[in-house]
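Enquirer: Pasting a structure here, questions to come.
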Amino acid sequence: MSAPQGCTGNVWSDLTGGHPGFDMPAEPGYRLGTDRPIDGPGIGALIGAAFDGCKPCQVRWLDALQSDPLVTVRVVELAAQFTQQALGGIPSAMTTTDPASSLSEPFRALVRLGADAGDNHRPMYAAAVRLDDAGRRAAINDAVDSIVGHMALGL
Ligand SMILES: [Zn+2]
């Protein structure tokens, strides 16, 4: 794969998508009820592009990942974990059903399911399967924004 036009990355590699530094291993999806591996490298590349503020690469990776419910659940989990670590809990802004929220409903719905289910993340996965590509893309986008926000604060 080559860098999309307008990529701001200094280094382009086939593995990281040009924004290195976010090494996220592929891991099995067993705890989500599937034996398919979670695309860690894809998630790492998307987060790397977002951290670098590279829109062309974010768009490219969102295009590539939006159909994947495993990726969707994993990045929402990561966003919740980072938030939990930083704030000691999940703020109501991330779980509200208020349609005026600045966060997408698919993202908030998945965070709600994750908070309600504790360590059982299968309901999140089932919900992510039911979302359409636009819904998953919105959830992934909000999750990555949150993750990058925490990373920028040095967590
Ligand atoms: Zn780029």
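Enquirer: Tell me which residues come under 5 Å, amide H to amide H, from Glu27 once H is placed; ignore anything under 5 positions away on its chain.
Expert: For Glu27, the qualifying residues are Ile38, Gly40.
Enquirer: List the cysteines of the chain that have no other Cys Cβ closer than 4.7 Å: which are they?
Expert: Isolated Cys, the chain: Cys7.
Enquirer: Moving to a separate point now. So how tilted is helix 69-87 from the main axis of the chain? Cα-based, degrees 0 to 90, rounded to 10.
Expert: That helix lies at roughly 80 degrees to the long axis.
Enquirer: According to a simple spin-label model (label point 7 Å from Cα along Cα-to-Cβ), what is the distance in nm between Ser102 and Ala152?
Expert: 1.1 nm
Enquirer: Oh, and also: Rounded to the nearest 0.05, what FRET efficiency do Val129 and Gln5 have when you use their Cβ-Cβ distance and R0 = 25 Å?
Expert: Values: r = 33 Å, r/R0 = 1.33.
E(calc), rounded to 0.05, equals 0.15.
Enquirer: If you don't mind, another one. Rounded to the nearest 500, what is the chain's calculated 222 nm mean residue ellipticity when only DSSP H runs of at least 4 contribute -39500 (n - 2.57) each, over all residues?
Expert: Values: 6 runs with 84 residues, N = 155.
Mean residue ellipticity at 222 nm (helix-derived): -17500 deg cm²/dmol.
Enquirer: Then there's this: Could you tell me the convex hull volume per residue, in Å³, taken over the Cα atoms of segment 87-131? Walk me through the numbers before you get to the answer.
Expert: Working: hull volume 3.1 nm³, N = 45.
That works out to 69 Å³ per residue.
Enquirer: Going by alpha carbons, how many degrees (0 to 90, nearest 10) lie between the helix axis of 55-65 and the longest principal axis of the chain?
Expert: Here the helix axis deviates by roughly 60 degrees.
Enquirer: Also, I was wondering about something else. When the chain is fully extended, how far beyond the present Cα-Cα distance does Gln85 get from Asp63, taking 0.36 nm per residue of separation?
Expert: Numbers: separation 22, 0.36 × 22 = 7.92 nm, distance 2.95 nm.
Once the chain is fully extended between Gln85 and Asp63, it gains 5.0 nm.
Enquirer: Compute the angle between helix 40-51 and the longest alpha-carbon principal axis of the chain, please, reported from 0 to 90 degrees and rounded to the nearest 10.
Expert: 80 degrees
Readers should treat all values here as calculations from the given coordinates under stated rules, not as data from a laboratory. Here the structure is a predicted model, which means the values were calculated and not measured. Cβ sites come from the backbone with ideal geometry, for glycine too, and all protein chains shown count toward neighbours.
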